[in-house]
Amino acid sequence: MNSKAIVFAIIVLCLSTISSYAFEKDFPPYAKKSFPPICKIQPLNPKSETNRNQRQFKSSYILTRSKKESLTLHLDMSYQKNNSGVFARLKNSTGKEMIKVVKVGDHPSNIKKVMSAYLNKDNRKDFMIILDAGDGYLSGGRQYVSFLLSTPKGYSVQQLEVYTLGQEDFYDYSTDNKCEYLHQSFTSEGKESYWSFNILQFIDDKIVIKNQLSRYFPKWIKQTIRPNSKASTLNKQQIEILSSRYKKQLGSNIFK
């Protein structure tokens with residue numbers, strides 16, 4: 001191969017590399033019809049619900065998988081003094097309990113959304129229960145989400161603290177028709193506070209940090225009085241501190 005051919009090959013390689021990154025914007029959320037594709041998230045509306053009172057509030061959501069198969073998610077918001085909170089139970093169409101009664105919220109909270117999607121790789125629908133934290137913290141965007149992840153024996157529950165979770169936060173970074181979650185959280189280091197963005201992937205019933213799926217993450221954006229969307233340039237020590245604190249925030253939910 002002569003020198004001109006070698007130069008031409010290098011130019012083509014560089015252009016193809018640049019174009020492969022051109023699909024991703026520099027700051028989330030991504031524009032519609034851009035890479036990576038937004039995952040298909042199915043919002044669920046309550047099939048039935050009771051009137052809210054000072055003692056309890058119940059609702060149920062049905063996910064139809066086929067004419068003969070469905071899943072029913074029951075949510076019970078209890079205001080009882082010694083047993084308050086939000087409780088979930090999942091049954092299939094035969095009445096078998098896929099999840100026995102489990103607490104998904106320590107205090108009675110507003111149920112913001114209930115959604116379903118293919119999150120892990122077993123081709124069974126998973127659920128997300130999003131609860132409003134109800135404390136008005138940081139403009140009221142703080143929420144709790146319980147991921148009901150399918151397992152061979154039923155479903156397992158993993159819980160995270162999130163901010164303003166929506167359908168636009170789920171992308172197919174791995175291009176395998178399964179969803180990854182662009183998790184927004186809030187982390188402090190010294191006198192500075194940062195919004196942090198990390199890619200989370202669902203492996204079986206575990207949640208794994210998978211920032212290697214995109215060159216743009218992890219990303220930290222400094223909290224300022226004025227709106228700020230510019231990613232912060234941090235040194236190695238700052239990155240290690242913020243990453244460590246982020247993992248502690250995830251706690252036992254994260255699979256290391």
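Every residue, every condition in (1) more than 21 Å from Tyr181 (Cα to Cα); (2) surrounded by fewer than 15 Cβ atoms within 10 Å (Cβ to Cβ); (3) at pLDDT below 85, yes or no:
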{"position": "Ile6", "(1), (2), (3)": "yes, yes, yes"}
{"position": "Tyr21", "(1), (2), (3)": "no, yes, yes"}
{"position": "Pro28", "(1), (2), (3)": "no, no, yes"}
{"position": "Ala31", "(1), (2), (3)": "no, yes, yes"}
{"position": "Lys40", "(1), (2), (3)": "no, yes, no"}
{"position": "Pro43", "(1), (2), (3)": "no, yes, no"}
{"position": "Thr72", "(1), (2), (3)": "yes, no, no"}
{"position": "Gln80", "(1), (2), (3)": "yes, yes, yes"}
{"position": "Lys96", "(1), (2), (3)": "yes, yes, no"}
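Looking at segment 216-256, which of its residues are exposed (fewer than 12 other Cβ atoms within 10 Å of the Cβ) and of a type in the set (Val, Ile, Thr)?
Result: Thr224, Ile225, Thr233.
Exactly one condition in (1) more than 17 Å from Leu160 (Cβ to Cβ); (2) free of Cβ contacts under 8 Å to residues at least 12 places away in the same chain is not met by Tyr216; state its number.
Against the list (1) more than 17 Å from Leu160 (Cβ to Cβ); (2) free of Cβ contacts under 8 Å to residues at least 12 places away in the same chain, Tyr216 comes up short only on (2).
How many residues does segment 158-171 contain that are touching a Pro at 6+ places or on another chain (Cβ under 9 Å) and surrounded by fewer than 18 Cβ atoms within 10 Å (Cβ to Cβ)?
3
Quick check on segment 183-206. Is at least one of its residues touching an Asp or Glu at 6+ places or on another chain (Cβ under 7 Å), surrounded by fewer than 19 Cβ atoms within 10 Å (Cβ to Cβ) and charged (D, E, K, R)?
Looking through segment 183-206, none of the residues is touching an Asp or Glu at 6+ places or on another chain (Cβ under 7 Å), surrounded by fewer than 19 Cβ atoms within 10 Å (Cβ to Cβ) and charged (D, E, K, R).
Which numbered condition trips up Gln143, out of (1) of a type in the set (S, T, N, Q); (2) in contact with a helix residue (DSSP H, G or I) (Cβ under 8 Å, 6 or more places away or on another chain); (3) assigned to a strand (DSSP E or B)?
Condition (2) is where Gln143 drops out.
Looking only at segment 188-206, which residues are over 17 Å from Lys230 (Cβ atoms) and among the polar types (S, T, N, Q)?
Ser188, Asn198, Gln201
Among (1) within 25 Å of Ala133 (Cβ to Cβ); (2) in a strand (DSSP E or B), there is one condition Ser150 misses while meeting the rest; what is its number?
(1)
Checking Arg89 against (1) at pLDDT 90 or above; (2) assigned to a loop (DSSP other than H, G, I, E, B); (3) surrounded by fewer than 17 Cβ atoms within 10 Å (Cβ to Cβ), which single condition isn't satisfied?
So Arg89 meets the others, but not (2).
The values are calculated or read from the model by the stated rules, or taken from the named source; none is laboratory data. Source: prediction; values computed, not measured. So basically every Cβ, Gly included, is an ideal-geometry build from the backbone, and we count neighbours across all protein chains shown.
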